[in-house]
1. Condition test on residue 202, is it surrounded by fewer than 23 Cβ atoms within 10 Å (Cβ to Cβ), touching a residue at least 24 places away in the same chain (Cβ under 8 Å) and not basic (Lys, Arg)?
2. What is the number of the single condition among (1) closer than 29 Å to residue 295 by Cα; (2) in a strand (DSSP E or B) that residue 373 does not meet?
3. Does residue 389 fit the bill of being over 29 Å from residue 140 (Cα atoms) and touching a Ser or Thr at 6+ places or on another chain (Cβ under 9 Å)?
4. For segment 518-538, give me each residue that is assigned to a strand (DSSP E or B) and of a type in the set (S, T, N, Q).
5. Identify all residues within segment 417-452 that are acidic (Asp, Glu) and closer than 30 Å to residue 525 by Cα; write none if there are none.
6. Just name the residue that is modelled with the highest pLDDT out of those in segment 395-420 that are over 19 Å from residue 109 (Cα atoms) and small (Gly, Ala, Ser).
7. Taking segment 377-415 on its own, how many of its residues are under 13 Å from residue 156 (Cα atoms) and of a type outside the set (Val, Ile, Thr)?
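The values are calculated or read from the model by the stated rules, or taken from the named source; none is laboratory data. This is a predicted model, so every value here is computed, not measured. Cβ coordinates were reconstructed from backbone atoms using ideal geometry, including for glycine residues, and neighbour counts include every protein chain displayed.
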Amino acid sequence: MRKIAFIISVSVFSLIFVQAQPASSNTPAKLNKAGEEQLAKGQYFNALDMYEKSYKELKDKNVAIQIAKTHFLLRDYNKSASWYGRILNRDKKNEFLENRVAYGKALKMNGQSTEAAAEFNSYIAGGVDESLKELARLELQGIAMMETMKENPAVIIKNIGNSVNNSESQSSPVLDGDVLYFGTLSDKALKKDSKDDGVHYAQLFSSTYSEGKGYEKATALPEEINREGYHTTNSSLSMDGNIMFFTRTLSEGGLSSESKIYACTKTASGWSPAIEVAGVNGDYLATHPVEGELYGSKVLFFSSNMPGGKGGMDLYYATRTGEAEYSAPVNLGNINSSGDDITPFYLDGNLYYSTDGRPGLGGLDIFSCKWNGSEWSEPMNMGVPVNTSTDEFSYKISKDGDRGFLVSNRPDPESKSLKSKTCCDDIYMVNKRKLIIELIGLVKDTLNKPIKGATLQMISAKSDGENDIQTKTNNEGNRISNVLDKDKSYKVIVSKEGYFPVEINVNTVGIDKDQTIEKEFILRALPPESEFDIISINEPIRLTNIYYDYDDDKILPDAGKDLKVLVDLMTKYSDMVIELGSHTDARGDDSYNQKLSERRAASARRWMINKGIDGKRIKGKGYGEFKILNNCTNGEECSDDEHRFNRRTEFTILEGPTTIEVKKEVLNKRAGPSKK
């Protein structure tokens, strides 16, 4: 059950991060032992701290593997894959062969399926553990499925936004008219308070939707439901909407020790006090309750790790015998796998649930199966865009199929995840597109050979005057598809490193029936030793010499070189409009850093205006500490050089030319994050 703690109780990050650190020693052996103890308790951040201190002393390869494993448990797949790669990519003697399946899993969940397949095949060829070989074969089946799977253009997945989602994890969305119920950390956990005792609990919240405004700021449900000392989450509503089911969970460290299902009834004044549901709870974890119907009777579906199951968490049902009373649970049989099968949802004979025990795209994928009156059909993967290389679960859909929700830790520009791009779960809206206009691009070179790994960028104007930018990359093939909105004009740019980009215009004005637009994009290779870099519209380019001292908005002397280059480019491309984006490091107050970055952007903008550039062509924007490039986020110990790397200015082409050529020695386009 490698990830179930994240899903049964969404407060794991706060619990394991803010609790007191264990006493440490400066000897690697004691640090490693402390790391093992913290890992066993589910205190993953503490374990990581111990292992990293140990590795710093001796650079022990076994400790590096432990760091990789811990990053995976923290769902930082990028760092996990990187740490595994440090050791396994140089392991010519196969000393760490048994870790190749775990390395492949980290790569796959990081979106690197080709590299993952190589690791799975390597273990199948040379490994000895049959259970690991079986797992590797299962992952390879998923990768093979991905190669033929087409994205469903009728489905739109969109982050619900920051009025509901926060920097921690959210769970179990359920809609009751215009009111959304969901689970997340209590308000106390999200506030910076020096008197905070570090003990935080997940609670159920509600948020009301209003047309034109979206979802309002969420408020916690009353104490009749959110009981002190318990994580209260995983809510659902009965089919008539009058009963709310949910779970109360106790945890020891970062691991769930008890999870029981409760129910309350809707009254004229709100929700009644909760009562424990009889028949389904026991000396095991019972969670993710949802009402359904089988054999003409109401039943409660739920997931549990009770003895006798097929894997970690299995799906069960229990028949209703009275108010909040049910018969003995029945295992759902062949629907369950050797992995974790969780978050069921029933609608009109269809069962939707998530599992990592079947061929999938990455972690937990959402599947569906149908009840014919006596048995369930073979579960089917719901494909892209419902599923991604990360985790997807808690899928719920309306009766007409037009709208619903799911929960995922997928990387998303709108996510405010706490520690990494994939650490935490956000709620996403699932909507059905009524008109499908699909653009399919086939990317080839001048010899008509397919080009893998190209990026398709679609740019359209929004009502507020800003550009709406959609970007897709296909690392596995040369076919890139995207869905277009009706009555819009798009600028489409296809690019690939080592090639000149290609640009076309696409217009959907007047299209009122489903339509597929197929285009070939022929990319011309750059000369082998090209002295130019190609900079595309909406591509942020770091000005490598523009840094700032801590808590200061004055441009340092070295900045003149880069700003002079930018002035020359603005002079050369007279219709070019740019954004100067300024960024701070994570030290200090968030709101102060936001204002400081705005002053820094204004400072760089003034410099260019003083050199003769029209101020209307330069839009200054402060990002504060929103886009940190290395690991130096709030609470991390970093050198001043590492913090200084985040104090930067970038320029982005907003209007005018879609691509420009810049000599490589003029701007270092590919300046990457600090290696320190």
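1. no
2. All conditions are met except number (2).
3. Criteria not met by residue 389.
4. If the condition is that a residue be assigned to a strand (DSSP E or B) and of a type in the set (S, T, N, Q), then 536 is the only one that fits.
5. If the condition is that a residue be acidic (Asp, Glu) and closer than 30 Å to residue 525 by Cα, then 438, 445 are the ones that fit.
6. From segment 395-420, those over 19 Å from residue 109 (Cα atoms) are 395-405, 414, 416; that's our starting set.
Adding the requirement that they be small (Gly, Ala, Ser) leaves 398, 401, 404.
On the way: 398: 91, 401: 84, 404: 95.
Applying the filter and picking the extreme gives 404.
7. 9
Residue-by-condition table, conditions (1) of a type outside the set (Lys, Arg); (2) outside the structural domain of residue 43 (by TED's automatic domain parsing); (3) touching a helix residue (DSSP H, G or I) at 6+ places or on another chain (Cβ under 9 Å); (4) at negative phi:
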residue: 272; (1), (2), (3), (4): yes, yes, no, yes
residue: 298; (1), (2), (3), (4): no, yes, no, yes
residue: 302; (1), (2), (3), (4): yes, yes, no, yes
residue: 310; (1), (2), (3), (4): no, yes, yes, yes
residue: 316; (1), (2), (3), (4): yes, yes, no, yes
residue: 331; (1), (2), (3), (4): yes, yes, no, yes
